[in-house]
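Beneath this line is the structure, given in structure tokens, with notes to follow.
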Amino acid sequence: IEVGKYTATCQKVTRKGALFLLDQYLDEPFKMNRENTNEGGYEASDLRTELQKNSILEIFDSVRGMMVPFKNGDLLRIPYAEEFFGDDDDYEPSGKKQWALMKDRKNRIAIREGEAYEWGWLQNKVKNSSADFASVYGGGDTAINGASDSYGVRPLFRLG
């Protein structure tokens with residue numbers, strides 16, 4: 001579907017609605033946190049706060065009336081590592097399952113306007129780390145990055 005100047009692909013259909021992920025990263029990179037810490041995880045992150053601001057949500061105006069909030073009340077979130085890669089011992093588990101389309105590495109690769117293939121954030125904290133989060137490497141493989149680094153963001157939303 002078209003969402004503003006972006007496109008989004010349905011990744012999964014549940015009883016609560018269809019989960020869509022942007023095919024591209026948002027135009028600007030974001031830090032997970034201004035400070036290099038993963039304390040509190042994604043739920044307590046600066047990135048989560050940014051995604052709930054009107055300046056980001058207005059991108060989704062064309063579908064906003066159909067958007068169904070996630071359990072925490074947010075209209076947007078970023079994917080979990082398991083949704084992209086399946087189970088991985090490097091990350092704190094979320095209990096999520098790999099999306100069928102993400103079994104093909106090319107679907108894990110995304111670009112940001114005017115940039116080459118880019119790294120992007122995922123929600124999971126890295127085990128035994130006080131600063132790192134999961135990410136997807138520009139080539140579509142798993143990666144680990146410090147919370148204060150700036151990377152691409154592919155928001156996920158649910159339509160009901």
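Each value in this text was obtained by applying a stated rule to the coordinates, not by laboratory testing. No experiment lies behind these values; they were computed from the predicted model shown. So basically every Cβ, Gly included, is an ideal-geometry build from the backbone, and we count neighbours across all protein chains shown.
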- prompt: Lys pairs in the range 46-153, Cα-Cα under 25 Å, at least 8 apart or on separate chains: how many?
  reply: 15
- prompt: What is the Rg over Rh value, at two decimals, for the range 16-69, using alpha-carbon atoms and the Kirkwood definition of Rh?
  reply: 1.00
- request: Please compute the net charge surrounding Phe20, taking Lys and Arg as +1 and Asp and Glu as -1 over other residues with Cβ under 14 Å from its Cβ.
  value: +3
- prompt: If the chain between Tyr117 and Asp141 were fully stretched, how many nm would it gain, using 0.36 nm times the residue separation less the Cα-Cα distance?
  reply: 7.4 nm
statement: Honestly the range 98-148 on the Cα gyration tensor test (a ≥ b ≥ c root eigenvalues; a/c under 1.5 rounded, otherwise a/b vs b/c for prolate or oblate) is just oblate
query: Any idea what the dipole of the range 30-142 comes to, in debye rounded to 20, about its Cα centre with Lys/Arg Cβ at +1 and Asp/Glu Cβ at -1?
result: 300
- line: Taking every other residue with Cβ under 10 Å from the Cβ of Ile111 and scoring Lys and Arg +1, Asp and Glu -1, one gets -3
statement: Taking the alpha-carbon centre of each part, the distance from the range 25-102 to the range 4-23 in Å is 13
The chain, helix-only ellipticity at 222 nm - DSSP H runs n ≥ 4, -39,500 (n - 2.57), divided by all residues, nearest 500: -2000 deg cm²/dmol
query: To the nearest 0.05, how large is the calculated FRET efficiency for Asn72 and Lys106 if R₀ is 35 Å and r is the Cβ-Cβ distance?
result: 0.70
Value of relative contact order over the range 30-157, rounded to a whole percent, pairs C-alpha under 8 Å and six or more apart: 32
query: Which residue, chosen from Thr9, Ile78, Pro29, occupies the Cα position most advanced towards the positive end of the dipole of the chain, where the dipole is computed from +1 (Lys, Arg) and -1 (Asp, Glu) charges on Cβ about the Cα centre?
result: Thr9
- line: FRET efficiency (Ala18, Ser129; Cβ distance; R0 25 Å; to 0.05) is 0.15
- request: First check a/c for the chain, with a ≥ b ≥ c the square roots of the eigenvalues of its C-alpha gyration tensor; if it is under 1.5, answer rounded, and if not, answer prolate when a/b is larger than b/c or oblate otherwise.
  value: rounded
